[in-house]
Amino acid sequence: MATYDEQIITILARAGKRGMSVKKISMQLYNLNCTLFSTPDFDEIHKCVQQFLFRNSKKSQSLFCREAWGQYKLNPNSARAQQLVLKFAETHEEKEEEKEDDSRNSSPDMSLSLFDELF
């Protein structure tokens, strides 16, 4: 359960200011947890998402706020949500910088092929 909670927070942090519907959050959570050997029950995940978001969006300073019917986003008035958005933005920028560095530092493959002469 704790991993579902963390994954829901990550999904909504990626969604940004627009937020996301409960169904879309459930589908992304389902896809994150599907593996070759185990498939979670979608209805169970959907119920967990609904309950988690409902519990954590009741107060004005809650982590989430309800944008519309069935639509949630990180609460911009919540200090914890603002910290999560900043943290997510920093890690996203670091990953982008690493990708740029990797693309700059990558050199073409200059190794000799052993099989060129066979064909």
Stretch gain in nm, segment K58-D41, where the contour uses 0.36 nm per residue and the Cα spacing is subtracted:
3.4 nm
What length, rounded to one decimal in nm, is gained on full extension from L32 through to N77, with 0.36 nm per residue of separation minus their alpha-carbon distance?
13.4 nm
K23, K73, reordered so the largest accessible area comes first (probe 1.4 Å):
K23, K73
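The values are calculated or read from the model by the stated rules, or taken from the named source; none is laboratory data. Predicted model only: the values in this text are computed from it and were never measured. SASA here: full protein model, heavy atoms, side chains in, ligands and nucleic acids out. Shrake-Rupley method; radii C 1.70, N 1.55, O 1.52, S 1.80 Å.
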